[in-house]
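Below: the structure, in structure tokens.
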Amino acid sequence: MEYKILMKNDIVKLFNDLTNDYKFYAPTKEKGNIVFKEISNPEEIELNYLNSKIPPKDVLFPQKETIFEYRYEGKDVIIEDRKDLDDKILIFGVRPCDAYSFKLLEDFFAFGKVQDEIFLKKRKNSTIIGIGCNSPRHSCFCTSVGGHPFQKDSMDLFLVDLGEKYLVEAISEKGKNIIQKLSWLLDAKNEDLQKSQELAKKSEESITTKFNFDLVTKILGDNFEHPVWQKISESCIGCSSCTFLCPTCTCFDVIDENDEYNHRGRRIRIWDTCQSCLYTLETSGHNPRPDKIQRCRNRIMHKFSYYPSNYNCLGCVGCGRCIIACPVNNELRIIIDEIIEIEKKEESEKVNA
Amino acid sequence: MTESSLESKKNNKDWEPKIIAFLCNWCSYAGADLAGVSRIQYPPSIRVVRVPCSGRVNPYFIIKSLTDGWDGVIVSGCHPGDCHYISGNLVARRRFAILNELLEFFGIEPGRVNFMWASAAEGERFAVLIRKATEIVKKLGPNKKFEKKW
Amino acid sequence: MGIESQNNEIQNKIREIARDLLKEKKVDVIIGYKKGTLPLVSQPIIIDKEEDIDTLIWNNLCYVNLAKYLVPRVPKLIDPEKGNLKVGIVSKGCVGRALIHLASEKKINLNEITIIGIPCNGIINRQRIEMEIGEQEILEVSISGDNIIVKGEDFEKTFPFEEYMNELCKVCKIKSPPSISKFPNLCVGDYQEYSSLSTDFKDVTEFEAKNPEEKWEYIKDSLSVCTRCYACREACPMCYCNLCFVDQNKPIWFGKTTDISDIIVYHLIRAMHMAGRCVACGACSSVCPMGIDLYLINRKLEKIVKERFNFTSGLDPDILPPMVDFKMEDAEEFMLEED
């Protein structure tokens, strides 16, 4: 495995070398929020950040995306598919939890007979440069979902922040190609590798939030109608901040927009949320999830019970964004504690019986 | 509206604004009709939508017209006290007051969206007010702000 | 009295009143705030047991408008045997206003609620503090003297409370809930009669003096990060429509995308629907995940209804709100007239 060194001052050089071949996406500050946007000026790249507000899934699965466009010519309707799906995309600065979320998104969009061409083509053409987390937040829990602050899954290049420089490691063929392109990268020394291992260990030990999700999945499977859901959903206001900032949430709505004056239109998809009361409203007027309690329950079941059944892995990457975003502090840690209480209460009842 | 058609509109000296006019059936629409029958000339910039009463005009109509690319909007009804449905125009007047203040607050130039009263006997007045509104919108230029760009 | 001691006093008062109300069975549940698990949040809770009373707190982070838990679209607090539960709500001024305004729209029954009034001393502007701290994790927030102390792993910053309050709190004139003569037993704790309120809207007039291009650029710039999550709509007690205008599809009026035109239209029309109804609680700005501050729009709404119709929302459940009323003498200076 070849290790290289990238000086932080050379990020502009990296950008200039890669921007001709790739659409370059990196974290940048927008009205005080860190978001992943296409960069045209390398000075805008933000290197000092914990994690972005909106996850990098926004690059490959944006809030609004055109599926196809159509226009009228006389009596004919001409449909134009997307032409930009073969463009090469580079996403710089992705944290391990978000990189892992790309795998979960792939699982979802490639499931079954209908493959989502738009997402999968873009994913195939994208290169991910990830950065390890030196100081995870108190709300992060990637180690509880099978992850690690220095995990390299789904990345093509992995960087470790050593202060004034990054340690660069190629993970995939795409990564090796990039290292070849950036021939000016310096070779790494043994002490750089050692520091990287120390940082990894320190980072893992600093994670304070830990859950036993196997137990949670088991409890959820048996307790769909348990009265604890009433308590869990009481303070929720259905604001959908949790679903909008979640790296693995994939629900979308499809809308046709018409521009009659110019005889054209387009079909787009936009993010939808299971926390909206209209989410399951059917045209008959029947709504299988009319109340907040069912919608709150659905989100937890989806991430920690249905995903393991359907995909054999948890639907959560442990980024902690939902914990920070919830305006009524009805956060995941409290919910999981309540769920585990069910088991504890049952155990104590068995003992007392 | 595409970017190129907008540019050509701006540069064209003969650009005529496209204004959508919601006219109440009993007073303003009849007033417009009278202006026509009396051969009173006024600029052909307005496209008329007949509504039963100015109180029928939902603020959504006005905003949607702006997002669809119309350069100006006019809503015209009966004078207060003369509404065919007694108080429709009074309800509308409050609505328009709020909408007007908010549009101005958001930075839509005053004069793009106009409200007026014109009765069935006021053909001349109708033409004068349309002329005035067209002048204002022509000076403001094409509507660039709310347009949805693809 | 320093802010800390004010908070302690308010907190003790809340617990005392709540305990009495529950003990004497005047209410079945109490809705209040609990300490949050993260430094800059608080948690709304619904308690019905006396032993939970001591979890009720008051700190300057109680930004959620609790009236939201009583509006039509939210599950009703009902007991299968008792019927509608009687509710006691810990109310700062804006929460009380919201409850009274909802009563004027006939959406809640004031006989079924008890307003536990408190003299609110302002809410911390958490979005602004998070933005100024930037990309460092905040571990602790406390009040000391007249300052907010924010601590992280390797930093400590001080912010003057008066400056870092919510913008709406800075100009708030209704700090404790309004009392209503028709319902003498509605409020306990702190409450006040409000007869005439000053009409100083300097902050709004300053913005209005700009030319249209500057206004548009400012609004466009501050709203451009909106992700259309509708957290502002869900946090607002006045947004209780079963089908919101953005969700209508027969016909589709306005787009739901993040194009700037769609974003501005959504906020413009939502503001229009709030005319005469907004109680300036600031919850919409506090819950926004992207940190957008809508205070200027909310202030403008108050100015419009005060100047045109001499109306302030949430003071009297019997006065008709301005948008469901009309008068022959309404001002029409904005109308197009012949020269």
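The numbers here are math on the coordinates, done by the rules we state, and not lab data. Here the structure is a predicted model, which means the values were calculated and not measured. Here the Cβ positions follow ideal geometry from the backbone for every residue, glycine too, while neighbour counts run over all protein chains shown.
Are there DSSP H segments in chain C that both extend 18 Å or more along their axis (alpha-carbon positions) and score a mean Kyte-Doolittle hydropathy of at least 1.6? List them, or say none.
On the way: long enough: C:3-23 (30 Å, -1.03); C:260-273 (20 Å, 0.94); C:295-309 (21 Å, -0.59).
Sorted by number, there is nothing, because no helix extends far enough and scores high enough.
Alpha carbon centre of region C:205-262 versus region C:8-42: separation in Å? With region C:205-262 and region C:8-42 each reduced to a Cα centre, they are spaced 35 Å.
The residues C:ARG277, A:ARG266, when put in order of fewest to most other Cβ atoms within 10 Å, stand as A:ARG266, C:ARG277.
The Cα center of region A:10-89 and the Cα center of region A:197-250 differ in position by 29 Å. Of the residues B:GLU101, C:GLU333, the one with the fewest other Cβ atoms within 10 Å heads the list, and the complete ranking is C:GLU333, B:GLU101. Across chain C, C-alpha contacts under 8 Å between residues 6 or more apart give a mean separation that, scaled by the residue count, equals a relative contact order of 18 percent.
Which value, in Å³ per residue, describes the convex hull spanned by the Cα atoms of chain C?
On the way: hull volume 59.6 nm³, N = 339.
Measuring per residue, one finds 176 Å³ for the Cα hull of chain C.
Taking chain A as a Gaussian network of alpha-carbon nodes connected by springs under 10 Å, the highest mean-square fluctuation of the residues A:GLU38, A:GLU191, A:GLU343 belongs to A:GLU191. For a paramagnetic label modelled on A:SER172 (point 7 Å from Cα along Cα→Cβ), amide N atoms under 19 Å away belong, within region A:66-92, to A:85-92.
Less than 10 Å Cβ to Cβ from C:ASN65, Lys/Arg counted +1 and Asp/Glu -1: what total charge do the surrounding residues give?
So the surrounding residues net to +3.
With a sphere of radius 14 Å drawn around the Cβ of C:ARG233, what net charge do the other residues whose Cβ falls strictly inside it have (Lys, Arg +1; Asp, Glu -1)? So the environment of C:ARG233 carries a net charge of +4.
What is chain B's relative contact order, in percent, from Cα pairs under 8 angstrom and six or more apart in sequence?
Details: 250 pairs, mean separation 55.2, N = 150.
Relative contact order for chain B comes out at 37 percent.
Using C-alpha pairs below 8 Å separated by at least 6 residues, the relative contact order for region A:3-205 is 23 percent. Largest GNM mean-square fluctuation among B:GLY111, B:GLY81, B:GLY69, using chain B with Cα springs under 10 Å: B:GLY81.
For A:ARG269, C:ARG270, A:ARG95, A:ARG333, which order do you get if you count the other beta carbons within 10 Å of each Cβ and list the fewest first? Show your work: numbers first, answer last.
Numbers: A:ARG269 19, C:ARG270 22, A:ARG95 27, A:ARG333 16.
By the 10 Å Cβ count, ascending: A:ARG333, A:ARG269, C:ARG270, A:ARG95.
Taking the C-alpha atoms only, the angle from helix B:123-140 to the longest principal axis of chain B is near 20 degrees.
Can you tell me what share of the DSSP beta bridges in region C:142-291 is antiparallel? A percent to the nearest 5 is fine. Antiparallel: roughly 90 percent of the beta bridges in region C:142-291. If I take all pairs of Cα atoms in the protein assembly as shown, what percentage of them are more than 55 Å from each other? Beyond 55 Å sits 16 percent of the P(r) for the protein assembly as shown. Peptide C:328-334 shows a mean partner chain C-beta count of 5 within 10 Å per residue C-beta.
Within chain A, which complete DSSP H helices have Cα atoms spanning at least 24 Å along the helix axis and a mean Kyte-Doolittle hydropathy of 1.6 or higher?
Numbers: long enough: A:332-352 (30 Å, -0.48).
The answer is none, since no helix passes both cut-offs.
Computed over the alpha carbons of chain A, Rg followed by Dmax gives 22.5, 80 Å.
For region A:177-238, the extents of the C-alpha atoms along the principal axes are 61, 27, 24 Å, listed from largest to smallest.
In chain C, the DSSP-assigned H stretches of four residues or longer account for a calculated mean residue ellipticity at 222 nm of -9000 deg cm²/dmol, using -39500 (n - 2.57) per stretch and the full residue count as denominator.
Can you give me the Kirkwood hydrodynamic radius for region C:202-324, using every pair of distinct Cα atoms, in Å to one decimal? Numbers along the way, then the final one.
Numbers: mean 1/r = 0.0643 Å⁻¹.
15.6 Å is the Kirkwood radius here.
Among residues other than B:GLU101 with Cβ under 9 Å from its Cβ, the summed charge is +2 (Lys and Arg +1, Asp and Glu -1). Once every DSSP H run of n ≥ 4 in chain A is given -39500 (n - 2.57) and the sum is divided by its residues, what mean residue ellipticity at 222 nm do you get, rounded to the nearest 500 deg cm²/dmol? So the calculated ellipticity at 222 nm is -9500 deg cm²/dmol.
What per residue convex hull volume, in Å³, do the alpha-carbon atoms of region A:13-80 yield? Please list the in-between numbers first.
On the way: hull volume 9.3 nm³, N = 68.
Spelled out: Cα convex hull of region A:13-80, divided by residues, is 136 Å³.
Farthest toward the positive end of the dipole of chain A, out of A:CYS322, A:SER135, A:TYR25, is the Cα of A:SER135, where the dipole comes from beta carbon charges about the Cα centre. Under conditions of 10 °C and 1.306 mPa s, region A:213-352 yields 94 µm² s⁻¹ as its translational diffusion coefficient, taking Rh as the Kirkwood radius over Cα pairs in the Stokes-Einstein equation.
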